Amino acid sequence: MPSFDVTSEFNSQEVLNAIDQMNREIVNRYDFKDTNTSVNFSNEIISLRSSTEERLKAADQVLREKFVKRNVSIKFLSNFIDEQTPSESKRTYTLKSGIDKDIAKNIVKDLKEFSKKLQCSIQNESIRVTSKKRDELQEAITFLKSKNYNVYLNYGNFRD
């Protein structure tokens, strides 16, 4: 029986490449000179630091641009914490893989409403969708792409 998996995973190598490109741009740009702006990436955490809030926002914009150029969804940057001190502004992003249970339940509910012929099962942090016909699965993918769950969704492991 044909099936596919819905997941939410980022490519850590592409994220690392985007961070490297961002570092190179920050070093070369005149508006970042003497602002102590830096970015670090380790263990799925991205830390942006700058001397002013304005430069932090500009660095954040550069990071988003680099994500888009590397085909990494900026939806992964939705979970962040801002910290402000008199001498420094800091933003910490936590990149998270996997689909939360609440979002997974909403996806399954929407798929069931979309087509009664689809069978969906939540498996840890992914969703397996099965059907008797391959065309129904392709329609389900198109349907999910039209919805906004505030999470980047990957569609893979398509089997006949």
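The values are calculated or read from the model by the stated rules, or taken from the named source; none is laboratory data. What you are looking at is a predicted structure, and each value in this text was computed from that prediction instead of being measured. Reconstructed Cβ throughout: ideal geometry from the backbone, glycine too, with neighbour counts over all protein chains shown. We work out accessible area using only protein heavy atoms, side chains counted, and drop any ligands, DNA or RNA first. Shrake-Rupley method; radii C 1.70, N 1.55, O 1.52, S 1.80 Å.
Observations on the structure shown:
- Pairs linking a residue in region 13-39 that is without any contact (Cβ under 8 Å) to a residue 24 or more places away in the chain to a residue that is part of a helix (DSSP H, G or I) and buried (at least 17 other Cβ atoms within 10 Å of the Cβ), with Cβ atoms under 6 Å and 6 or more positions apart or on different chains, are THR35/ARG55; THR37/ILE26; THR37/ARG55; THR37/ALA59.
- Count of region 91-117 residues, restricted to those that are farther than 24 Å from ASN11 by Cα and either modelled with pLDDT of 90 or more or open to solvent by 80 Å² or more (accessible area, probe 1.4 Å) (or both), is 11.
- Residue list for region 100-134, restricted to those being among the hydroxyl-bearing types (Ser, Thr, Tyr) and more than 15 Å from TYR155 (Cβ to Cβ): SER115, SER121
- In the set VAL6, VAL68, VAL15, VAL72, only one residue is within 30 Å of LYS145 (Cβ to Cβ), in contact with an Asp or Glu (Cβ under 7 Å, 6 or more places away or on another chain) and among the β-branched types (Val, Ile, Thr); that residue is VAL72.
- Near pairs, Cβ below 9 angstrom, 6+ apart or cross-chain, from region 137-160 (under 18 Å from SER115 (Cβ atoms)) to any residue that is of a type in the set (S, T, N, Q) and assigned to a strand (DSSP E or B): LEU137/SER3; LEU137/THR130; LEU153/THR7; TYR155/THR7; PHE158/SER3
- The set of residues in region 118-148 being assigned to a loop (DSSP other than H, G, I, E, B), of a type outside the set (Gly, Ala, Ser) and open to solvent by less than 30 Å² (accessible area, probe 1.4 Å) consists of LEU118 alone.
- Each residue in region 19-61 was checked for being under 19 Å from SER97 (Cβ atoms), crowded, with 18+ Cβ neighbours inside 10 Å and out of contact with any Phe, Trp or Tyr (no Cβ under 6 Å at 6 or more places or on another chain), and 1 of them qualify.
- Selection of first residues in region 77-93 that are over 20 Å from THR35 (Cβ atoms) and of second residues that are of a type outside the set (A, V, I, L, M, F, W, C) and assigned to a helix (DSSP H, G or I), restricted to Cβ pairs under 8 Å at least 6 apart or on distinct chains, gives the following pairs, ordered by first then second residue: LEU77/ARG64.
- Test set (1) open to solvent by less than 70 Å² (accessible area, probe 1.4 Å); (2) within 18 Å of GLU9 (Cβ to Cβ); (3) under 13 Å from the mean Cα position of the chain (by Cα) - ARG64 fails condition number: (2)
- Condition met for ASN154 (surrounded by 14 or more Cβ atoms within 10 Å (Cβ to Cβ), within 21 Å of the chain's Cα centre (by Cα) and of a type outside the set (Gly, Ala, Ser)): yes
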